[in-house]
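Encoded as structure tokens, the structure appears first; notes follow it.
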Amino acid sequence: MSTCAALRATHRAPRTLSSRILSARPVSLTSSSSFARNTTTFKTLNSSVPRVSRFSTMAPLQQAAPTTDKSYDPEIKDMADYIHNYNVNSDLAYDTARLVFLDTLGCGLEALKFKQCAKLLGPTVEGTVVPNGTRVPGTPYQLDPINGAFNIGAMIRWLDYNDCWLAAEWGHPSDNLGGILAVADWIARTNRAGGNLGNGKIPTIKDVLEAMVKAHEIQGVLALENSFNQVGLDHVVLVKVATTAVVSKLLGLTERQTADAITQAWVDGQSLRTYRHSPNTMSRKSWAAGDACQRAVNLVLKVQKGEGGMHSILSAPGWGFYDVLFKGKKFSFQRPYGSYVMENVLFKVSYPAEFHSQTAIEAAQIVNKKLAELGKTAKDIKEITNRTHEACVRIIDKQFKPMDNFADRDHCVQYMVANMLVFNRLVASDYADGSEAATSPLLEDLRQRIRCVEDPQFTKDYHDPSKRTIPNALTVTLNDGTVLDEVSIEAPLGHRLRREEAKPEILAKYKRHLSAHFDQARVDQLVNLGNDKAALEGYEVDKYVDLYVKEKVIDSA
């Protein structure tokens, strides 16, 4: 008897269910599993079948099971409460957010120089212009906020040059600006035209900065003690959750609706890390954050239209996030939500490189000076040992892995260190196929002579909340047997411990990224505005974004 036939039998004669089941020989264990709890005979018959095969969603209905508790998981309630009721009053957080905002926009503009990025941007259907839609910086595009979030999010992340947060989980909290800026700009343009989004107000950059602080906090606090990479999930799940939370507030959703939207983000299928690791490393890792941003905005807009949420999305036995995707483990929290993450976020100042490699590259630059003093070059190096931390080994140690594409090269510590030693530089174009660096026989040979070794103390310092250093130490052996003194650097430029040293470099990086797109007058205007905290925070979002609009995207390579 088929499942459907069995169900029809149930509805026709529910009181003779046992006799109907027992008379239907041979019995299909799968199709009859709906009736497992209704007859002792059938329980015995079906006892050898795995428990999951005997499960049926009809069973609770047939037993008139009581309605489950409708209170939200406490983790969801805490996020929604933080978004709606926490007042960010940290001057350090806002000042850091200002620098992150400028730096992130600059990174997005720089990515437009690369064809692989530029080809993914623009409207889904060529020529589409959305009235009062999101404007994409550095382009002429005017898009719906969902696609706008993808465009801005993808260009921000493309070069792996925006900020960073390293803990049990890694990530780049400024990725959330993709969704935040897209929605804030759309709200501003719509309301200026007479609309009533987000309670009718026209958002300012101060609103954007507040949303950034809170998005950083949600993503970063969740990352402190919860490793998604250990279960094979990509960190962009946290971008989706954090963007969902803050965009809900921007759009005027209630605290309950925000909780609903957050649950939708957790139930949404989560990205695997496959595209970040050999043998499948590819460019999707560069637009994964954009994808997370657009999914977040899409979910919030559905909740705005009345879609509800799932109260036990994390904890539901068998079907919740914890049981299905987190090996049954609940999230643990080191600290409550506040402004800690923005205050301690890491800037990528010196090199467009995966953050676990930053101190190794800086050490290589020092090694170059030592080589020059000895009258030596990279050609004279026999081997290098990199004493490092566990995360570096796990993510970017690819000593003998072929470098097939841009994505391989910018996530290989050996390639980046060798690039610095051979050319005394590391710029984004060095990762491109066919570039001088990518085709250098010397670089490729040297890359395979750099060995990573984990130092447990470095790993401990990496996870220590009072340090959060990202240490690397290079020991170079020359062909003539000379062993150079180890060069060890624990905190990269851009770390909290070197923040003041980094500030001028962060602004110089922003100015450099602007220069390829705008004339000197516009560059000066944007830099001066960025340096004026009060003026920047008071700027209305759409008017500010208009300063970045171009009639044509820069030619890409």
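One line per residue, one yes/no per condition, for (1) crowded, with 24+ Cβ neighbours inside 10 Å; (2) in a loop (DSSP other than H, G, I, E, B); (3) in contact (Cβ under 8 Å) with a residue 60 or more places away in the chain:
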position	(1), (2), (3)
Tyr351	yes, yes, yes
Ser357	yes, no, yes
Gly375	no, yes, no
Thr385	no, no, yes
Gln399	no, yes, no
Ala418	yes, no, no
* If you check Lys550, Lys533, Lys509, Lys460, which single one turns out to be without any contact (Cβ under 8 Å) to a residue 60 or more places away in the chain, of a type in the set (D, E, K, R) and either touching a Gly at 6+ places or on another chain (Cβ under 8 Å) or more than 30 Å from Asp433 (Cα to Cα) (or both)? -> Lys460
* Looking at segment 508-530, which of its residues are out of contact with any helix residue (DSSP H, G or I) (no Cβ under 7 Å at 6 or more places or on another chain) and part of a helix (DSSP H, G or I)? -> Ala508, Arg512, Gln520, Ala521, Arg522, Asp524, Gln525, Asn528
* Asked: Tally time: how many residues in segment 535-557 are surrounded by fewer than 14 Cβ atoms within 10 Å (Cβ to Cβ) and touching a Phe, Trp or Tyr at 6+ places or on another chain (Cβ under 8 Å)?
  -> 2
* **Hey, Asp175 under 18 Å from the mean Cα position of the chain (by Cα) and in a helix (DSSP H, G or I) or not** => yes
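This table checks each residue for (1) within 16 Å of Val300 (Cβ to Cβ); (2) in a helix (DSSP H, G or I).
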| position | (1), (2) |
| --- | --- |
| Trp186 | yes, yes |
| Arg189 | no, yes |
| Gly194 | no, no |
| Ile202 | no, no |
| Met212 | no, yes |
| Glu217 | no, yes |
| Gly220 | no, yes |
| Ser227 | no, no |
| Gln230 | no, yes |
* To do: Scan segment 438-450 and give yes if some residue there is in the same structural domain as Ile361 (by TED's automatic domain parsing), assigned to a helix (DSSP H, G or I), out of contact with any Pro (no Cβ under 9 Å at 6 or more places or on another chain) and modelled with pLDDT under 95, otherwise no.
  => no
* Flag if Ala516 is in contact (Cβ under 8 Å) with a residue 12 or more places away in the chain, among the hydrophobic types (A, V, I, L, M, F, W, C) and within 30 Å of Pro471 (Cα to Cα) -> no
* To do: Spot the failing condition for Val553; the list is (1) at pLDDT below 95; (2) in contact with a Ser or Thr (Cβ under 7 Å, 6 or more places away or on another chain), and only one is missed.
  => (1)
* **Candidate set: segment 243-284, residues that are among the basic types (Lys, Arg) and out of contact with any Phe, Trp or Tyr (no Cβ under 6 Å at 6 or more places or on another chain); chosen: the one modelled with the lowest pLDDT** => Arg276
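The values are calculated or read from the model by the stated rules, or taken from the named source; none is laboratory data. Model, not experiment: these values are computed from the prediction. Quick reminder, even Gly has a Cβ in these numbers, built from the backbone with ideal geometry, and neighbours come from all protein chains shown.
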